[in-house]
Amino acid sequence: QVMGEGRHEIFWRLAIPMALTYVFSGIFHYMEEFSADIISKRVERDLSLDLFRNIQQQDGQFFRERTPADLMSRTTEDCNYIGFSFGFCGIFFLECVAYMVSMSIAILAVNPLGAIVPFVLMPIIAFLGIRSEVIGDKISDEISDITADLNQCASEAITGIRTVKS
């Protein structure tokens, strides 16, 4: 109406709410990211502390079967991944559920017959998402194992350098 019909008097009635919507949306997304980061780091910290306490209680056999590099990899990389999963992925999951519920209600309110297509496609999308998650878990495990191997090689190289320098 503003551009086509030249009704400039309604411009500010539209522009101000739109600008406020963008500002508040940005603030809420920042708060969401900040909350996810806080949750991630707290989970990572608590998990690392619990893991270190558990490692300290182990006997000599435990340390003979595992290299220091493997233990360091597990206590850093794995805790980092788990913290990220609880923080970012947890918040993202809650956001997705809220969007799905609100959009489902809106679609049903506007056109119940039009809701058939999204409701039929949702289980297919969920199945494909779960399937790709299983593949991603395998890749993540491989990356974690490779990181442990790299840490082991680095540990051996540093030990060798220290021995030669001595």
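The values are calculated or read from the model by the stated rules, or taken from the named source; none is laboratory data. Just so it is clear, the model here is predicted, and its values are computed rather than measured. With ideal geometry, Cβ positions are generated from the backbone for all residues, glycine too; neighbour counts draw on all protein chains shown. With ligands, DNA and RNA removed, areas are computed over all heavy atoms of the protein, side chains included. Shrake-Rupley method; radii C 1.70, N 1.55, O 1.52, S 1.80 Å.
Looking at G114, G136, can you tell me which residue is in contact with a helix residue (DSSP H, G or I) (Cβ under 9 Å, 6 or more places away or on another chain), open to solvent by less than 90 Å² (accessible area, probe 1.4 Å) and modelled with pLDDT under 85? Checking each option against the conditions leaves just G114. Whether any residue in segment 144-161 is within 25 Å of I38 (Cα to Cα) and not charged (D, E, K, R) is what I want to check. Scanning segment 144-161 turns up at least one residue that is within 25 Å of I38 (Cα to Cα) and not charged (D, E, K, R).
Within segment 1-36, the set of residues being closer than 30 Å to T75 by Cβ and open to solvent by 90 Å² or more (accessible area, probe 1.4 Å) comprises F34 only.
Answer yes or no: is there a residue in segment 77-95 that is of a type outside the set (A, V, I, L, M), farther than 29 Å from E33 by Cβ and out of contact with any helix residue (DSSP H, G or I) (no Cβ under 9 Å at 6 or more places or on another chain). For segment 77-95, residues of a type outside the set (A, V, I, L, M), farther than 29 Å from E33 by Cβ and out of contact with any helix residue (DSSP H, G or I) (no Cβ under 9 Å at 6 or more places or on another chain): absent.
Here segment 139-166 is the region considered, the condition is being at pLDDT 75 or above, among the hydrophobic types (A, V, I, L, M, F, W, C) and within 20 Å of C79 (Cβ to Cβ), and the residue that is farthest from the chain's Cα centre (by Cα) is L150. Quick check, is S102 open to solvent by less than 70 Å² (accessible area, probe 1.4 Å) and more than 18 Å from A148 (Cβ to Cβ)? Here the answer is yes, as S102 does meet what is asked. Selection of first residues in segment 131-155 that are within 18 Å of N80 (Cβ to Cβ) and in contact (Cβ under 8 Å) with a residue 60 or more places away in the chain and of second residues that are of a type in the set (A, V, I, L, M) and open to solvent by 80 Å² or more (accessible area, probe 1.4 Å), restricted to Cβ pairs under 8 Å at least 6 apart or on distinct chains, gives the following pairs, ordered by first then second residue: N151/M72. On inspection, D37 fails the criterion of being under 28 Å from A157 (Cα atoms), touching a residue at least 24 places away in the same chain (Cβ under 8 Å), assigned to a helix (DSSP H, G or I) and not aromatic (F, W, Y). Looking only at segment 67-90, decide whether some residue is surrounded by 16 or more Cβ atoms within 10 Å (Cβ to Cβ) and basic (K, R). Within segment 67-90, one or more residues are surrounded by 16 or more Cβ atoms within 10 Å (Cβ to Cβ) and basic (K, R).
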